[in-house]
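The values are calculated or read from the model by the stated rules, or taken from the named source; none is laboratory data. Note that this is a predicted model, so its numbers are computed, not measured. Positions of Cβ are generated from backbone atoms using ideal geometry, with glycine treated the same way; all protein chains shown enter the neighbour counts. Areas reflect the complete protein model, heavy atoms only, side chains present, ligands, DNA and RNA absent. Shrake-Rupley method; radii C 1.70, N 1.55, O 1.52, S 1.80 Å.
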Amino acid sequence: MTFEPKIVGILCNWCSYTGADLAGTSRIKYAPNVRVVRVMCSGRVDPTFVLKAFADGADGVLVAGCHPGDCHYIEGNYKTIRRIALLKKMLADYGIEPQRFRLEWVSAGEGDRWAQVVNSITEDVRKLGPAKIREFSASTLRAAGARSHKTA
Amino acid sequence: MAKLKLASYWAAACGGCDVAILDVHEKILDIAAAADIVFWPIATDFKYSDVEAMPDADIDVTLFHGAIRNSENEHLARLLRAKSKILVAFGSCAHIGGIPGLANLFSREDILKRVYLETPSTVNPEKITPDPRTAVPEGEITIPVFHDAVRPLNQVVEVDYYVPGCPPTPAQIWNVVQAIVSGQLPEKGSVVGASEKTQCDECTRKKQEKKISGFKRIATVQPDPDTCFLEQGFLCMGPVTRGGCDTRCQLSGVGCRGCYGPPPGVLDQGAKALSAITSVIESKEEADVQRIVDQIPDVLRSFNRFAIPASLITRKVL
Ligand code: SF4
Ligand code: SF4
Ligand code: FES
């Protein structure tokens, strides 16, 4: 069976969600792999959402908001910039490849850009294969030590 | 009233929790007056076989400290669960994984290799590593099996109460003992011996709305003794850590490391810490933000030092 990446997209209502909508109404063809969750502002994206998506089996996560300076709530996406910078480091510490997680700015008029972003992260994640994060977490929960061990 | 039967056990633990129990000082005599200690490996000479011989639910309360790292830990968790009316996950390791939980960032093979073959203090020319079964002339000897990952107690057996802390403070231990003796424990599954609020709520350091343009490390800069650590640019997990320890770290001059675990309603202490810590950063420029966050070494271990096995993602993906 070929691997189809499951990607969770968390989009701000005012720019990126509208941009994604425009991609749809403009009948742009693009990868169907991103499941979209709408939030009012990218500043609402708690890092917990991203970890939860991965823990529940997402192969990739995409956060999208208004371009810096354009946030409907003025400061929201500056908060996003700060959080995401640290979150990326935490994901790396967890051994999650950087290509699996992206922050992108997509305005309400950038339907074509939305389609490009989705195609691009989908391809990146496809190359990496399934994330296996859920499986790893679950293996902690199981009685993990049954097999005998040997080291080099 | 019949005397309570009390047990205390250490699984993957440092022994600090047992020391903390002894740190109630002369009150230990009050505990001895109210309770018979039926099993306490660090202080008494009862054997596992003594516990195995007990009827089920014979022990009133077991304080179980330490995480579940190997098959012996797991066996004792199951045994003590069966033999105890009330099983308490005592201390950070049993509660949320604790410091042993940091081992979930490595594979079992890497840990064994490092410990038995690579550390500078190791002399092991025959490259002997622990093997759960070894044939000897007299037959076979076995040692516990080292598990793939570290788990908090409630991922192995049902837990009745949680006492957080690395270690729990003696004052809180005493509160918990009194609650047990007087039969005034809250609803099962509760965290006891701690508060429902965060460290910041109890912290006496001065808080303003200060924004920082960089992080500092306690090893290289002397912090102001009265001002909030975060507002000075030192990491402090106070905003995402349950209160109840009387802010003992902040009072001794270092930021909270998070040992009391997440406050109620927080699913992932590390993820919440990201939000809290970044909220004090001043900058809006991506490059500048990067410069600032790069000053924090080891983000995951600094932000989720005690709770990785109890978090959304319980271990490194290897
Ligand atoms: S962040 Fe730390 S130092 Fe500041 S108020 Fe909270 S607990 Fe106190
Ligand atoms: S201040 Fe934080 S790290 Fe220190 S004992 Fe209290 S909860 Fe634990
Ligand atoms: S509303 Fe779009 S990022 Fe804030």
### Task
Could you please tell me which pairs satisfy a Cβ distance under 7 Å, a separation of 6+ or placement on different chains, a first residue in the range B:112-135 that is farther than 19 Å from B:His147 by Cα, and a second residue that is surrounded by 10 or more Cβ atoms within 10 Å (Cβ to Cβ) and aliphatic (A, V, I, L, M)?
B:Asn124/B:Leu117; B:Lys127/B:Leu117
### Query
Going by the structure shown, is A:Thr18 among the β-branched types (Val, Ile, Thr), away from ligand 2 (no atom under 16 Å from the Cβ) and in a loop (DSSP other than H, G, I, E, B)?
no
### Query
Within the range A:109-136, which residues are open to solvent by less than 40 Å² (accessible area, probe 1.4 Å) and either more than 11 Å from every other protein chain (Cβ to nearest Cβ) or within 28 Å of A:His72 (Cα to Cα) (or both)?
A:Gly111, A:Trp114, A:Ala115, A:Val117, A:Val118, A:Ile121, A:Thr122, A:Val125, A:Gly129
### Task
Give the residues of the range A:45-80 that are open to solvent by 10 Å² or more (accessible area, probe 1.4 Å), part of a helix (DSSP H, G or I) and within 9 Å of another protein chain (Cβ to nearest Cβ), sorted by residue number.
A:Thr48, A:Phe49, A:Lys52, A:Ala55, A:Tyr78, A:Lys79
### Message
I'd like to verify a number: residues in the range A:53-85 that are under 11 Å from the mean Cα position of the chain (by Cα) and at pLDDT below 95, how many?
### Response
0
### Message
Residues that are over 14 Å from the mean Cα position of the chain (by Cα) and either basic (Lys, Arg) or within 23 Å of B:Asn304 (Cβ to Cβ) (or both): does the range A:103-110 have at least one?
### Response
no
### Task
Quickly run through the range B:280-291 and pick out the residues that are facing another protein chain (nearest Cβ under 7 Å) and either surrounded by fewer than 19 Cβ atoms within 10 Å (Cβ to Cβ) or touching a residue at least 12 places away in the same chain (Cβ under 8 Å) (or both).
B:Ile281, B:Lys284, B:Glu286, B:Gln290
### Task
For residues that are polar (S, T, N, Q) and more than 8 Å from ligand 2 (Cβ to nearest atom), scanning just the range B:223-255, find the one that is surrounded by the fewest Cβ atoms within 10 Å (Cβ to Cβ).
B:Ser252
### Summary
Taking the range B:267-285 and keeping only residues that are modelled with pLDDT of 95 or more and part of a loop (DSSP other than H, G, I, E, B), one is left with B:Asp268
### Task
For the range B:270-311, name all the residues that are more than 16 Å from ligand 3 (Cβ to nearest atom) and in contact with a Ser or Thr (Cβ under 7 Å, 6 or more places away or on another chain).
B:Gly270, B:Ala271, B:Lys272, B:Glu282, B:Ser283, B:Ile292, B:Ile296, B:Asn304, B:Phe306, B:Ile308, B:Pro309
### Task
Restrict the check to the range B:42-53 and report whether at least one residue is in the same structural domain as B:Gln172 (by TED's automatic domain parsing) and closer than 19 Å to B:Val159 by Cα.
yes
### Query
Quick one: would you say B:Gly193 is at positive phi, crowded, with 20+ Cβ neighbours inside 10 Å, modelled with pLDDT of 95 or more and within 16 Å of ligand 1 (Cβ to nearest atom)?
no
### Message
Tally up the residues in the range B:295-311 that are facing another protein chain (nearest Cβ under 8 Å) and over 17 Å from the mean Cα position of the chain (by Cα), please.
### Response
3
#### Entry: Filtered residue count, the range B:1-39, keeping only those that are under 15 Å from the mean Cα position of the chain (by Cα) and surrounded by fewer than 16 Cβ atoms within 10 Å (Cβ to Cβ)
2
### Every residue from the range B:168-210 that is in contact (Cβ under 8 Å) with a residue 60 or more places away in the chain, touching a Ser or Thr at 6+ places or on another chain (Cβ under 9 Å) and assigned to a loop (DSSP other than H, G, I, E, B)
B:Pro168, B:Lys210
